1. Just to be sure I understand the filter: pairs with C-beta atoms under 6 Å, separated by 6 or more residues or on different chains, first member in the stretch 99-119 and within 10 Å of Thr155 (Cα to Cα) and assigned to a helix (DSSP H, G or I), second member open to solvent by less than 40 Å² (accessible area, probe 1.4 Å) and of a type outside the set (S, T, N, Q). Which pairs pass?
2. Given the criteria at pLDDT 85 or above, open to solvent by 30 Å² or more (accessible area, probe 1.4 Å) and not in a helix (DSSP H, G or I), does Trp55 qualify?
3. Would you say Val144 is open to solvent by 60 Å² or more (accessible area, probe 1.4 Å), modelled with pLDDT of 85 or more and closer than 17 Å to Thr175 by Cβ?
4. Quick one: which of Ala13, Ala80 is open to solvent by less than 40 Å² (accessible area, probe 1.4 Å) and part of a helix (DSSP H, G or I)?
5. Of the numbered conditions (1) at pLDDT 85 or above; (2) over 23 Å from Arg162 (Cα atoms), Ala32 satisfies every one except a single condition; which is it?
Amino acid sequence: MSLLHTRTFNTTAHWVLAWCAQYTRDLPEEVAAARRDELASDLHEHALWADEAGWSAGRLRRDIVRRLVTGSIHDVTWRAHQLGRSALADPRHGKTVRTAQRITSWMLALGVTLTVLGGYTYARIIRAIIIDDLRVPPLMAMLVGVLAVLSLVGTALTARRRTRIVGAVALAPPTLLLGYVAVESLSLISATGVQIAFWADHLTATAGSLGLLAAGVGISSLLGLVAAAIWWWPPTTSMPATEAGAES
C-alpha cells in the first residue's frame, strides 16, 4: 500500500495542517490558504519520496514530526513577518488583529486564574472535610467545585475561535461568583485566610471588606467578559476579507 493512503501518514499530515491553521489564524484568508496548499503539496511530495525510498509509515511519521518541531520557530517568524506586511498594507487590519489578540489573551488569563483559584479552594475544602477540621456547608463545597469545572471548561473553549462565545458564557458564573465564594470559604477553613480577612477589615474599618472587594472585582471582570463576548459575536453582515481573517 502506498504511504499516501496509510492512516499513519494521514494522521501526521493532519497534525501538520492543524499547526498551520493555528499560526495562520489571524492572517488574510488568501495568505493562509496559500500556506496550507504549500504544506499539503510538500507533505504529498515527502510521502512519494519516502515510498520510492522504501520507508515504513512509522519512519515517515518520525521524519515529518521532526520537521514539524524543528520548523516551528521558522513558522512563528514567518507569521510575524506576514502580520507586519498585513499591517503595512492595511493598518485597520493590523489594528484589528492586535485588538483581537489582546482580548483573547485577557480571556485566557482570566480563565486560567479562575481555574487555579477554584481548584485550590476546592482542594482546601476537601482537605478540611477529610480531617474534620471544620464543618463545611455541603452547598458551598458543591458550588466551588461546579465553578472550578466551569472555569476549566470555559478556558478550554476560549482557546478556539469557533467556541469562544460558548467559553465566555461558561466563564460568566465563575467570574461573578468564584472570587467572593473563595474568600468566604478560605476565611472559614484557612488560618492564613482568617488573618488576611482580619487585616483587610482592620485597614478599611469595614466588616467583610475582602469579600466586598472580591465581589467588586467579579462584577468588573464580568463586564469585561461581556464586552469580549460582544467583540467575538459572529457578524450578521458580510465583512471585508481582512477583518474576517483578523477574527479567525
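1. These pairs meet every condition: Met107/Ala228; Gly111/Gly154; Gly111/Leu171; Leu114/Pro174; Leu114/Leu178.
2. Working: at pLDDT 85 or above: yes; open to solvent by 30 Å² or more (accessible area, probe 1.4 Å): yes; not in a helix (DSSP H, G or I): yes.
In short, yes.
3. On the way: open to solvent by 60 Å² or more (accessible area, probe 1.4 Å): no; modelled with pLDDT of 85 or more: yes; closer than 17 Å to Thr175 by Cβ: yes.
Answer is no for this residue.
4. Details: Ala80 fails: open to solvent by less than 40 Å² (accessible area, probe 1.4 Å).
Unique residue meeting the criteria: Ala13.
5. Failing condition for Ala32: (2).
To keep it simple, each residue is scored yes or no on (1) open to solvent by less than 20 Å² (accessible area, probe 1.4 Å); (2) farther than 13 Å from Leu4 by Cβ; (3) in contact (Cβ under 8 Å) with a residue 24 or more places away in the chain; (4) in a loop (DSSP other than H, G, I, E, B).
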position	(1), (2), (3), (4)
Ser41	no, no, no, no
Leu48	no, no, yes, no
Leu60	yes, no, yes, no
Leu68	no, yes, yes, no
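The values are calculated or read from the model by the stated rules, or taken from the named source; none is laboratory data. This structure is a prediction, so every number in the text was calculated from the model and none was measured. Cβ sites come from the backbone with ideal geometry, for glycine too, and all protein chains shown count toward neighbours. Ligands, DNA and RNA are excluded from the accessible area calculation, which covers all protein heavy atoms including side chains. Shrake-Rupley method; radii C 1.70, N 1.55, O 1.52, S 1.80 Å.
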